[in-house]
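Below: the structure, in C-alpha coordinates.
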Amino acid sequence: MMTVEDTIRKALESVIDPELGVSIVDLGLIYDIRYEDGVAEVEMTLTSPGCPLAPVIDKSIREALTSVPEIKKLTIELVWDPPWSKDLMSDELKAEYEMM
(Lines give C-alpha, C1' and ligand atoms only; values in the text may rest on other atoms or scores of the structure.)
Protein backbone atom coordinates (compact mmCIF):
# COMPACT_ATOMS: atom_id res chain seq x y z
CA MET A 1 0.00 0.00 0.00
CA MET A 2 1.28 3.45 -0.92
CA THR A 3 1.92 5.96 1.84
CA VAL A 4 0.96 9.61 1.46
CA GLU A 5 4.67 10.34 0.99
CA ASP A 6 4.72 7.84 -1.93
CA THR A 7 1.66 9.53 -3.43
CA ILE A 8 3.33 12.93 -3.12
CA ARG A 9 6.53 11.64 -4.79
CA LYS A 10 4.45 10.11 -7.60
CA ALA A 11 2.65 13.45 -8.14
CA LEU A 12 6.00 15.27 -8.17
CA GLU A 13 7.19 13.02 -11.00
CA SER A 14 4.85 15.01 -13.27
CA VAL A 15 6.69 18.27 -12.50
CA ILE A 16 9.09 18.96 -15.34
CA ASP A 17 12.14 21.19 -15.04
CA PRO A 18 11.34 23.76 -17.75
CA GLU A 19 14.98 24.25 -18.70
CA LEU A 20 16.03 20.58 -18.92
CA GLY A 21 12.68 19.02 -19.86
CA VAL A 22 12.86 16.18 -17.33
CA SER A 23 11.13 15.37 -14.05
CA ILE A 24 12.42 17.13 -10.94
CA VAL A 25 12.28 13.74 -9.20
CA ASP A 26 14.51 12.11 -11.84
CA LEU A 27 16.86 15.09 -11.64
CA GLY A 28 17.29 14.42 -7.92
CA LEU A 29 15.98 17.82 -6.86
CA ILE A 30 13.67 16.34 -4.20
CA TYR A 31 15.67 15.62 -1.05
CA ASP A 32 12.91 14.74 1.41
CA ILE A 33 9.13 14.46 1.71
CA ARG A 34 7.44 14.56 5.10
CA TYR A 35 3.72 14.25 5.82
CA GLU A 36 1.80 14.33 9.07
CA ASP A 37 -1.82 15.22 9.89
CA GLY A 38 -2.57 17.03 6.62
CA VAL A 39 0.73 18.93 6.55
CA ALA A 40 3.20 18.13 3.77
CA GLU A 41 6.75 19.38 3.65
CA VAL A 42 8.89 19.03 0.54
CA GLU A 43 12.61 19.66 0.94
CA MET A 44 14.30 20.30 -2.37
CA THR A 45 17.08 22.08 -4.19
CA LEU A 46 17.62 23.52 -7.64
CA THR A 47 20.37 22.81 -10.13
CA SER A 48 21.92 26.19 -9.29
CA PRO A 49 21.38 28.97 -6.74
CA GLY A 50 19.57 31.93 -8.23
CA CYS A 51 17.82 29.75 -10.80
CA PRO A 52 15.46 32.14 -12.63
CA LEU A 53 12.89 29.36 -13.04
CA ALA A 54 12.47 28.75 -9.28
CA PRO A 55 9.03 30.46 -9.19
CA VAL A 56 7.85 28.36 -12.16
CA ILE A 57 8.96 25.12 -10.49
CA ASP A 58 7.38 26.18 -7.17
CA LYS A 59 4.06 26.88 -8.92
CA SER A 60 4.22 23.56 -10.81
CA ILE A 61 4.84 21.66 -7.56
CA ARG A 62 1.88 23.34 -5.87
CA GLU A 63 -0.36 22.55 -8.88
CA ALA A 64 0.78 18.90 -9.03
CA LEU A 65 0.14 18.38 -5.34
CA THR A 66 -3.46 19.62 -5.54
CA SER A 67 -4.12 16.05 -6.76
CA VAL A 68 -3.23 14.71 -3.28
CA PRO A 69 -6.41 15.20 -1.23
CA GLU A 70 -4.69 14.47 2.10
CA ILE A 71 -2.63 17.66 1.86
CA LYS A 72 -4.23 20.55 3.72
CA LYS A 73 -1.06 22.63 4.06
CA LEU A 74 2.10 22.52 1.94
CA THR A 75 5.54 23.88 2.70
CA ILE A 76 8.33 23.83 0.11
CA GLU A 77 11.74 24.30 1.67
CA LEU A 78 14.58 25.21 -0.67
CA VAL A 79 17.96 24.01 0.59
CA TRP A 80 21.48 24.25 -0.83
CA ASP A 81 23.23 21.67 1.33
CA PRO A 82 24.11 19.29 -0.07
CA PRO A 83 24.49 21.13 -3.37
CA TRP A 84 22.88 19.47 -6.38
CA SER A 85 25.10 17.38 -8.62
CA LYS A 86 24.56 14.97 -11.50
CA ASP A 87 25.20 12.14 -9.02
CA LEU A 88 21.71 12.79 -7.60
CA MET A 89 19.96 12.01 -10.90
CA SER A 90 18.06 8.72 -11.28
CA ASP A 91 20.04 5.87 -12.79
CA GLU A 92 17.76 5.96 -15.83
CA LEU A 93 18.42 9.65 -16.44
CA LYS A 94 22.19 9.22 -15.93
CA ALA A 95 22.17 6.44 -18.54
CA GLU A 96 20.15 8.61 -20.93
CA TYR A 97 22.59 11.52 -20.61
CA GLU A 98 25.61 9.22 -21.06
CA MET A 99 24.14 8.11 -24.39
CA MET A 100 23.87 11.67 -25.67
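Structure values in brief
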{"quantity": "Residues located in the range 1-19, provided they are open to solvent by 50 Å² or more (accessible area, probe 1.4 Å) and either part of a loop (DSSP other than H, G, I, E, B) or among the aromatic types (Phe, Trp, Tyr) (or both)", "calculated": "Met1, Met2, Thr3, Glu13, Ser14, Pro18, Glu19"}
{"quantity": "Residue tally, condition modelled with pLDDT under 95, surrounded by 15 or more Cβ atoms within 10 Å (Cβ to Cβ) and of a type in the set (Gly, Ala, Ser), over the range 24-81", "calculated": "0"}
{"quantity": "Residues of the range 20-46 satisfying the condition of being of a type in the set (Val, Ile, Thr), assigned to a loop (DSSP other than H, G, I, E, B) and over 18 Å from Glu92 (Cα atoms)", "calculated": "Thr45"}
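The values are calculated or read from the model by the stated rules, or taken from the named source; none is laboratory data. None of the values given here were measured: they were computed from a predicted structure. A quick note on method: Cβ atoms are made from the backbone with ideal geometry, for glycine too, and the neighbour counts reach across all protein chains shown. These area figures cover heavy atoms from the full protein model, side chains too; ligands, DNA and RNA do not enter into them. Shrake-Rupley method; radii C 1.70, N 1.55, O 1.52, S 1.80 Å.
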